[in-house]
Amino acid sequence: MAQKPSVPKGTRDFNPIEVHRRSYIMDTIKSVFESYGFQPIETPTFENLDTLLGKYGDEGDRLVFKILNNGDFLSPFRKSEVNPIESDLNDVTKQISKRGLRYDLTVPFARYAVMHQSEFALPFKRYQIQPVWRADRPQKGRYQEFYQCDADVIGSKSLIQEVDFIQIYDEVFDRLGLTTEIRINHRGLLTALAQLIEAPDKLIDLTVALDKLDKIGRAGVVEEWASRGISTEAIEKLAPLFDTPNSFQDQLDMLEALLGGFPSGREALNELRYIFERTNDLGLRRANLRWDVTLARGLNYYTGPIFEVVSSEVKLGSIGGGGRYDDLTSVFGGQELPGVGISFGLDRIYLVIEELDRFPKSVANETQLLFVNFGEAESNQCLKWARSLREAGIRCEVYPESAKMKKQMSYADRKAIPFVALVGNNEIESGQITVKNMSDGEQTSYSLSSLTEKLKG
């Protein structure tokens, strides 16, 4: 018996309607990106492992999919007495794998920027819409293969870029009919928190746990801090983070009192003040901008303002995020290029729109008209009329065989084709096309030009 087919866990097939809907989201994002001057690039599906590893923190590195070397990947061990089963896993990985599937689009972009920096003007504004892979545990809204839709600017330290990205988030989600909350924080504040507890070496431990507050709650964060070696006294100093005021000004006052004595804290507060004031001047269509002092974004490369976007209507985790990474490109040996970028989570955005039933009906983009095939002479005429309709932008098709009428009408039903053209000798002689409306069964005759106008609607 043949084995039942399946797809790898964390991956999915997409049917035609899903593909059309996903394209609708991507086209919306692309349109807004381009209206702000961003240009598209693409990078390879896989990168050298030394490009990827060490950029995402220990947790991120573990989620990178490694690709086995071509050919006899165990040859290094065959030539020695070392047993790979008894060896350190990291050492074995280095021997048998030199490449990995890209984990995100930001690190490959930084590598691209260093390799091609003589080819573009600064600041360089790029966008990229491609799949990424993470060996994460699959669950609702989280997959091992998924698309990211990124926009980045490198070569500018201006906070105008952050203000623009907030506007981009607001405009994209407004066009998609979604109400969102854009959360913002600053890595400089997190650095100041580590200095506050006199443990600058614990910055990563501090932020990785803090970033999970929504998932594991205050008690869970405190427990993880303790497990990571943060003292009880230090945790007590961090307690105000869990009871921050709601208003921006009150939060500012609280954090200035707590962290204003540290240079990184003062600079971060000034930058956040600027971003909020400029955004307030411009206004937002339907998004709400909120300062979240617990937002950490647990990726090592962020150095300044950081973002996260969530739906205000559906509880499904973040649907976008990003931040500033002023020293990322230097790790690849190029000149240090300041950068900032954001990402849209296509798959989660899809789930939110689907749950709210807000996909426009026109997104389906299905066949508008089917020509029934009554025989060779009739189908030849149908092919000519179909060509003319397609040139006018009408989506139509000719049934390929002169099968029984029931079979052809069943095909139209299953594809939800709204109109069927019935072309026989009378239609060929008169030039009038008989069209059946599949919703009410009514039949009407049209000239080619009048049918074109009707279907253009």
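Do any helices (runs of 4 or more DSSP H) entirely within the stretch 350-445 hold 2 or more residues that are under 27 Å from I17 (Cβ atoms) and small (G, A, S), and if so, which? Give the steps one after another, and end with the answer.
Numbers: elements: 376-391, 405-414, 425-430.
The qualifying helices (runs of 4 or more DSSP H) are 405-414.
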Among the residues of the stretch 217-238, is any modelled with pLDDT of 85 or more and in contact with a Gly (Cβ under 6 Å, 6 or more places away or on another chain)? no
Quick check on the stretch 312-320. Is at least one of its residues surrounded by fewer than 21 Cβ atoms within 10 Å (Cβ to Cβ) and among the basic types (K, R)? yes
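Considering only residues that are of a type in the set (V, I, T) and at pLDDT 90 or above, look in the stretch 166-204 and name the one that is surrounded by the fewest Cβ atoms within 10 Å (Cβ to Cβ). Walk me through how you get there before you give the answer.
Step one: of the stretch 166-204, the residues of a type in the set (V, I, T) are 166, 168, 172, 179-180, 182, 184, 191, 197, 204.
Within this subset, residues satisfying the condition of being at pLDDT 90 or above are 166, 168, 172, 179-180, 182, 184.
On the way: I166: 23, I168: 21, V172: 25, T179: 15, T180: 25, I182: 23, I184: 23.
Here the answer is T179.
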So which strands (runs of 3 or more DSSP E) are wholly in the stretch 110-198 and hold at least 1 residues that are under 30 Å from F262 (Cα atoms)? 145-154, 180-186
Inspect all residues belonging to the stretch 176-184 and state whether any of them is under 16 Å from E236 (Cα atoms), assigned by TED's automatic domain parsing to the domain that holds R285 and among the basic types (K, R). no
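V64: buried (at least 18 other Cβ atoms within 10 Å of the Cβ), out of contact with any Cys (no Cβ under 9 Å at 6 or more places or on another chain) and among the aliphatic types (A, V, I, L, M), yes or no?
Yes: the conditions hold for V64.
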V163 passes all but one of the listed conditions (1) within 24 Å of R324 (Cα to Cα); (2) surrounded by fewer than 16 Cβ atoms within 10 Å (Cβ to Cβ); (3) among the β-branched types (V, I, T); the exception is number (2)
Return the pair list, or none, for Cβ contacts closer than 9 Å from residues in the stretch 43-63 that are under 18 Å from I96 (Cβ atoms) to residues that are in a helix (DSSP H, G or I) and among the basic types (K, R), at least 6 apart or on different chains. E47/R111; N48/R111; L49/K94; T51/R111
Got a sec? Which helices (runs of 4 or more DSSP H) wholly within the stretch 223-342 have at least 1 residues that are assigned by TED's automatic domain parsing to the domain that holds G177 and under 17 Å from Y169 (Cα atoms)? 263-282
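Every residue, every condition in (1) under 19 Å from R183 (Cα atoms); (2) without any contact (Cβ under 8 Å) to a residue 24 or more places away in the chain; (3) within 27 Å of the chain's Cα centre (by Cα), yes or no:
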site: T207; (1), (2), (3): yes, no, yes
site: G217; (1), (2), (3): yes, yes, yes
site: G220; (1), (2), (3): no, yes, no
site: E224; (1), (2), (3): no, yes, no
site: S227; (1), (2), (3): no, yes, no
site: T232; (1), (2), (3): no, yes, no
site: K237; (1), (2), (3): no, no, no
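Give the stretch 205-216 a look and list any residue that's out of contact with any Gly (no Cβ under 9 Å at 6 or more places or on another chain) and either within 19 Å of P305 (Cβ to Cβ) or surrounded by 20 or more Cβ atoms within 10 Å (Cβ to Cβ) (or both), or say none.
Here is the first cut: in the stretch 205-216, the residues out of contact with any Gly (no Cβ under 9 Å at 6 or more places or on another chain) are 206, 216.
The one that is out of contact with any Gly (no Cβ under 9 Å at 6 or more places or on another chain) and either within 19 Å of P305 (Cβ to Cβ) or surrounded by 20 or more Cβ atoms within 10 Å (Cβ to Cβ) (or both): L206.
Could you list all residues from the stretch 219-258 that are under 30 Å from D58 (Cα atoms) and among the acidic types (D, E)? Break it down stepwise before answering.
Filtering the stretch 219-258 for residues under 30 Å from D58 (Cα atoms) gives 219-244, 255, 258.
Scanning the stretch 219-258 gives E223, E224, E233, E236, D243.
The values are calculated or read from the model by the stated rules, or taken from the named source; none is laboratory data. Just so it is clear, the structure is predicted and the values come from calculations on it, not from any experiment. Every residue, glycine as well, gets a Cβ built from its backbone with ideal geometry; the counts of neighbours run over all protein chains shown.
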